Structures are given as structure tokens and as C-alpha cells.
1. Using beta carbons and a limit of 9 Å, which pairs, at least six apart or on different chains, have the first residue in segment 166-187 and closer than 15 Å to A107 by Cβ and the second one among the polar types (S, T, N, Q) and outside any loop (DSSP other than H, G, I, E, B)?
2. What pairs come up if the first residue lies in segment 29-50 and is touching a residue at least 12 places away in the same chain (Cβ under 8 Å), the second is of a type in the set (F, W, Y) and open to solvent by 30 Å² or more (accessible area, probe 1.4 Å), and their beta carbons are under 8 Å apart, counting only those six or more places apart or on different chains?
3. Residues of segment 229-246 being open to solvent by less than 100 Å² (accessible area, probe 1.4 Å) and aliphatic (A, V, I, L, M), which ones?
4. Please determine, by comparing only the residues of segment 139-165 that are under 14 Å from the mean Cα position of the chain (by Cα) and free of Cβ contacts under 8 Å to residues at least 40 places away in the same chain, which one is surrounded by the fewest Cβ atoms within 10 Å (Cβ to Cβ).
5. So, in segment 51-84, how many residues would count as being over 28 Å from A143 (Cβ atoms) and β-branched (V, I, T)?
6. S117 - would you say it is within 21 Å of the chain's Cα centre (by Cα), of a type in the set (S, T, N, Q) and more than 20 Å from A141 (Cβ to Cβ)?
7. Does segment 197-205 contain any residue that is modelled with pLDDT of 95 or more, open to solvent by less than 50 Å² (accessible area, probe 1.4 Å), among the hydroxyl-bearing types (S, T, Y) and in a helix (DSSP H, G or I)?
8. Select, from D187, D179, the only residue that is open to solvent by 30 Å² or more (accessible area, probe 1.4 Å) and closer than 19 Å to C85 by Cβ.
Amino acid sequence: MNGSGTAPAVPRPAYRRLSVEQRRSQLLAAALGLFAQHAPEDVSLDDVATAAQVSRPLVYRYFPGGKQQLYEAALRSAADILERCFAEPETGPLTQRLSRALDRYLAFVDEHDAGFSALLQGGSVVETSRTSAIVDEVRRAAADQILRHLGEPEPGLRLRMTVRMWITAVEGASLIWLDEGKRPPLDELRDWLVDHFVALLTATAARDPQTARVTRGALRMEASEGPVGDLARRILPVVSDAGHLL
């Protein structure tokens, strides 16, 4: 109590005056954090306002379209992050480039587990053709990056399909990994996915001359003690008794 017999006023946090872009980024960061841990339909604008420590009307001021507009903007922001995951300098063995890209991609999956699942599995009440297009754009951007690293300016149908099939496998493995309680460890999952890419590329190379040429070029850059050499040594015992097939 103060001298007048009333309780002293609790000081409120000072209101931070941010620029329009800073405030929008703040709201998007708060929304992304919530969508990372909850399915989109379980997140309300009140939740976003609370997380950002602002009022609900302020959220509406920046996103007059409400939750749908906010979700699409947050999804666009996440998509930009995922697209950058596959951006790699075109130097060194292909498997090293893939490993670094997968490290970033899987770290995002790990951090945004619930949101990542909702994003890829669909069925959300806020899913629209626009959100689906954003997700598909990430897949195509990842495929384009990998094709660029393969050094083929005009990839044919089989090569394009091989890369896109692998992107789908990466997404599926990520969802299964979350469903399995984030097992195996991320580094094992990464190496496993790199193995899958090499095996898939090699299988297509057996049927497609263009993929065979690209694969030979990629393998020439690999070291015997690297991932491809290790994969070959692990495969040989498995197929050693299959000589009768030749």
C-alpha cells in the first residue's frame, strides 16, 4: 500500500514502436512458432496476439484477411526457409552437397514437427489451392537445385522424375521419422537418404543414357572413403550370392 491506502500501479512494459516491416516480421515469427508446434486449425489469432505480446486488433491491422491470410504468409515464410535449405555451392562431391542440404532440411523438420506434419499431410481447415501451390513450389525448387548440381541443363523425363521421386521420399521419410518418435538419429536418417539417392540414380542410369552420363560424372568426384564407397562396400556382401542372375 502507498500513503493513500491504495496499491501501487504495476508498471506495464513499454510499448515498442516498430516499423511496418518489423511489426509484420514479429507477427509472422510468432505465428510460425505456433504453427511449428500445433496444427494450423488449433491456432487462433488470439494465440498469435498473445505470443507476439500485442493486441488482437493489431494482428487484424496487418492481416485483415484474418487467420487464412496470416497462415498463408507464415507458410510462405517457411517455404522460403525450406527452399534455401537446398541452396549449395556447386563444389565438392555431390553426396557432400546433399548431406549439407539435408542437415538444414531435417533441422527444420525437427524444429517444426507438428507444423511440418500438418503442412505436408494436408486436411487442414485452412488449406487452399494457394497453400498447396506454396508447398508444391518448395518441392519444385528443391528438385531444380538438385538437377542444377547434377550439371544437366536439359534434364529428360526419367532424370526429372528420379529427382522428384527422391524429394517425395525425403518428405515421406521425414513424416515417418516424426511418427516414429524422431528415430533413428538425424545423422543416420541423413546418410540413409543420401544412400537412397545414389541407389535411385543408379537404377535409373541402367535404363536411361542421360542419367547414366550424369551418374558417371557424379561418381567420378566421389572418394573411395566417402559415402558412395562405403555404400558399395556394404552392398557387395548382399549381392555376392546373386551371381546366378548374371
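The values are calculated or read from the model by the stated rules, or taken from the named source; none is laboratory data. Keep in mind that what you see is a predicted model, and the values were worked out from it rather than measured. All Cβ positions, glycine included, derive from the backbone under ideal geometry; neighbour counts span all protein chains shown. These accessible areas exclude ligands, DNA and RNA; they are computed on the full protein's heavy atoms, side chains included. Shrake-Rupley method; radii C 1.70, N 1.55, O 1.52, S 1.80 Å.
1. That search, which allows pairs on different chains as well, returns S174/S117; L178/S117.
2. L45/Y60
3. L231, A232, I235, V239, A242
4. Here the residue is R140.
5. Final tally of qualifying residues: 2.
6. For S117, the condition - within 21 Å of the chain's Cα centre (by Cα), of a type in the set (S, T, N, Q) and more than 20 Å from A141 (Cβ to Cβ) - is met.
7. Looking for residues that are modelled with pLDDT of 95 or more, open to solvent by less than 50 Å² (accessible area, probe 1.4 Å), among the hydroxyl-bearing types (S, T, Y) and in a helix (DSSP H, G or I), one finds at least one in segment 197-205, hence yes.
8. Answer to the check: D187.
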